[in-house]
Amino acid sequence: MPEQTKVLIVEDLPTDALLVEHEVREVLPESIFLVVETAPDFLAALDSFQPDLILSDYSMPEFDGLSALKLALEHVPDTPFLIITGSINEETAVKCMKAGAWDYILKERIIRLGTSVLAALERRKERLEKRSAGEALERSERLFRNLFEQHAAVKLLVDPDTAAIVDANQAAAEFYGWSRDQLKAKHIPDINTLPPEQIKSNMRKALIEHCVSFEAQHKLADGTLRDVEIFSSPIQSGNKTLLHSIVHDITSRKKAERALIAAKELAEAANIAKSEFLANMSHELRTPFNGIMGMMQLLQTTPLNEEQQEFVSAAIESSKRFTRLLSDILDISSFEAGKATLTTSEFNPVEALESVMDLFALRAREKGLDLDMTVDPAIPRNVLGDVTRVKQILFNLVGNALKFTDKGSVHAALTPLSAAKGGDLRIMFSISDTGIGIPEDKLGNLFKPFVQVDGSYTRPYQGAGLGLSIVKRLMELMNGNGCVETVVDRGTTVHVVLPFTLPAGDAAKTAQAAAPGVRKEHLNILLAEDDSLNQMFMTHVLKKLGHAVTVANNGQEAVDLFLAGDFDCILMDIQMPVMTGVEATKMIRLQESEFRSQKSEDEDGTSEKRHRTSGPQVSGLSLQPSKNPPPSPHIPIIAVTAHTQPGDREKFLAAGMDEYLGKPVGMEDLDFILKRFFGDPQADGAR
């Protein structure tokens with residue numbers, strides 16, 4: 001209600017006008033009043049004064065209340081008009097109300113005027129608000145109708161109760177190929193290929209959630225199916241709730257998505273094929289190469305003149321270079337495929353560095369270089385991490401330093417740094433050389449695969465340029481980082497910082513560390529190997545080391561010989577005919593378990609004699625129980641395999657094997673690992 005209400009009084013008696021004004025001021029103290037008594041003055045006041053309320057006497061000499069009412073209805077129909085009279089009969093009162101008066105007040109009951117005025121003004125406010133809302137609704141409906149009719153998007157109005165199409169715009173008619181009238185004669189199931197129950201469910205969801213989107217296929221007039229995305233929301237149309245649905249043609253998008261999915265599946269299949277190819281190629285290359293390299297090692301143990309010894313040494317060195325290159329290529333492939341993994345165990349970082357330095361001691365002496373290392377006393381004795389990956393990083397860094405240094409020295413240093421987030425300690429491995437250095441403009445390509453600082457055909461340094469790329473990938477895999485300091489013709493230092501966890505206590509040991517057994521110098525060994533050249537090499541090596549050898553040509557033979565013989569150790573190839581090395585290992589471990597269980601029951605006297613018609617089952621193959629118990633509760637089984645991709649070692653150990661040797665196998669590696677299992681104190685622990 002306005003703070004100042006403008007009240008127009010139509011009255012010929014000043015005293016009565018003052019009385020009316022007094023009563024109104026009681027309820028509207030801030031009111032403004034204007035009194036008129038003739039028709040011209042009344043019309044002028046309607047235009048200039050624009051009253052909020054009109055109070056008119058009924059009987060006046062020149063102008064009566066009924067005439068004033070008619071003029072007010074013509075000019076200001078929404079302004080409350082109250083008639084005030086001294087005497088009025090019922091017939092006149094009804095006539096005034098029918099004519100449009102809002103109320104009438106008798107002068108003898110003028111005290112009612114204030115209440116009636118307030119009620120009239122409230123009714124006026126409600127009428128204006130309702131009219132405003134109606135006009136806004138009408139404008140909104142006109143706007144919606146215009147947008148619906150003229151919009152370029154395909155639009156439908158749908159009855160959610162019957163699924164009938166109530167209306168469709170011109171864009172819908174053009175899209176579907178039916179006229180608007182034809183579309184309005186259809187129901188949604190006529191154009192939507194979804195099951196009717198699914199259509200109803202989508203409509204219910206749109207009503208509840210107010211706006212939903214879903215995908216479907218819509219049928220056009222010519223029978224064509226199009227992929228569509230539908231956005232649906234409820235709108236009120238009169239007293240009926242309809243669904244306003246906007247239909248987008250996404251056929252091209254869905255086609256592109258399907259093509260992308262197909263391409264992704266093809267890429268994944270290609271990646272799997274690549275991994276399988278690399279695994280097979282690794283096996284196929286390493287298996288014959290193990291025989292070649294093995295025979296060269298055997299030849300080296302025979303009487304040779306100086307020239308022959310030189311030829312054999314060169315062949316062995318070339319074989320080692322080939323093996324390292326093959327391993328590097330497989331590592332890069334694993335990184336690219338996202339399959340590189342870490343294996344955590346407890347190890348001594350100083351011993352890890354020493355073992356790498358020992359590998360290069362001979363090469364350093366041959367080049368006349370000093371090869372040494374310094375270790376900060378604060379370096380802990382043991383840490384938890386992937387010792388194999390750490391050695392791989394150090395091997396590449398030390399090897400690179402020696403390769404590019406012709407005089408001077410190569411120096412390695414271990415330095416402890418502050419604790420890193422997620423670990424207890426960071427260790428910095430620094431490899432420094434006095435070699436050729438690296439030009440500044442070449443540093444950006446230093447860690448890229450198959451790239452060398454000197455990429456010309458005549459470069460004096462051999463290699464495929466994979467070493468530092470592998471170092472970078474391994475650093476990232478282990479959440480480490482590094483940097484390079486270099487001066488051309490003066491040398492290079494590579495710093496690698498890796499995080500490690502400290503063991504819980506001194507008693508913590510590597511979960512898979514092999515415990516030495518009874519000390520024995522001459523072993524009875526079962527060799528499971530299907531390749532004849534590798535059989536020859538391994539047999540000769542083992543016999544030279546003082547051991548007896550029995551050969552099994554496949555996994556099934558290995559199991560049969562194990563059950564029939566008395567062996568100290570099994571060297572198990574993986575990829576063999578008839579039965580794989582993994583299947584054979586599982587059978588042997590299961591048989592050992594059977595014997596231990598039987599022995600335990602026999603010792604406590606609680607078991608009944610068991611009768612069996614067949615033995616344990618592994619991978620669909622049966623194992624007949626042995627009449628003779630195995631020589632020990634647990635025979636060491638060592639995988640000797642060309643499967644050398646990341647994760648292979650862990651897979652074989654999980655299958656029941658105790659250790660792992662990758663082909664090609666060196667004589668010293670084979671001797672070392674056998675001594676670990678049979679009590680040589682010098683070979684205890686990982687090398």
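Just a few scattered comments:
- Residue count for segment 381-409, restricted to those that are surrounded by 19 or more Cβ atoms within 10 Å (Cβ to Cβ) and assigned to a strand (DSSP E or B): 3
- Note on segment 481-506: residues that are surrounded by fewer than 17 Cβ atoms within 10 Å (Cβ to Cβ) and touching a His at 6+ places or on another chain (Cβ under 8 Å) amount to 3.
- All positions within segment 190-211 that are in contact (Cβ under 8 Å) with a residue 12 or more places away in the chain and assigned to a loop (DSSP other than H, G, I, E, B): ILE191, THR193, LEU194, HIS210, CYS211
- Checked against (1) in a helix (DSSP H, G or I); (2) touching a helix residue (DSSP H, G or I) at 6+ places or on another chain (Cβ under 6 Å), ALA270 passes all but a single condition, namely (2).
- Where helices (runs of 4 or more DSSP H) fall wholly inside segment 108-185, the ranges with 3 or more residues that are touching an Asp or Glu at 6+ places or on another chain (Cβ under 6 Å) and either assigned by TED's automatic domain parsing to the domain that holds GLU21 or modelled with pLDDT of 90 or more (or both) are 113-150.
- Flag for THR644 being more than 19 Å from THR287 (Cβ to Cβ), at pLDDT below 70 and either more than 36 Å from the chain's Cα centre (by Cα) or buried (at least 20 other Cβ atoms within 10 Å of the Cβ) (or both): no
- Single match in SER59, SER48 (criterion: farther than 22 Å from ALA119 by Cβ, in the same structural domain as ILE111 (by TED's automatic domain parsing) and modelled with pLDDT of 90 or more): SER48
- Residue match in segment 156-176 (condition: buried (at least 17 other Cβ atoms within 10 Å of the Cβ), more than 27 Å from ARG258 (Cα to Cα) and among the charged types (D, E, K, R)): yes
- Sole exception among (1) under 25 Å from LYS651 (Cα atoms); (2) in a helix (DSSP H, G or I); (3) hydroxyl-bearing (Ser, Thr, Tyr) for SER355, by number: (1)
- Among the residues of segment 94-112, those that are hydrophobic (A, V, I, L, M, F, W, C) and within 22 Å of LEU71 (Cβ to Cβ) comprise VAL94, CYS96, MET97, ALA99, ALA101, TRP102, ILE105.
- Segment 254-277, residues that are in contact (Cβ under 8 Å) with a residue 24 or more places away in the chain and over 27 Å from ASN202 (Cα atoms): ASN271, LYS274, SER275
- Every residue from segment 534-585 that is of a type in the set (Ser, Thr, Tyr) and part of a loop (DSSP other than H, G, I, E, B): THR580
- The set of residues in segment 86-107 that are closer than 19 Å to GLU23 by Cα, assigned to a loop (DSSP other than H, G, I, E, B) and at pLDDT 85 or above contains only TRP102.
- Lone qualifier among VAL10, VAL27, VAL35 - being surrounded by 19 or more Cβ atoms within 10 Å (Cβ to Cβ), touching a helix residue (DSSP H, G or I) at 6+ places or on another chain (Cβ under 6 Å) and either under 16 Å from LYS107 (Cα atoms) or touching a residue at least 60 places away in the same chain (Cβ under 8 Å) (or both): VAL10
The values are calculated or read from the model by the stated rules, or taken from the named source; none is laboratory data. As the structure is a prediction and not an experimental result, all values here were calculated from the model. When we count neighbours, we look across all protein chains shown, and the Cβ atoms used for this are built from the backbone with ideal geometry, even at glycine.
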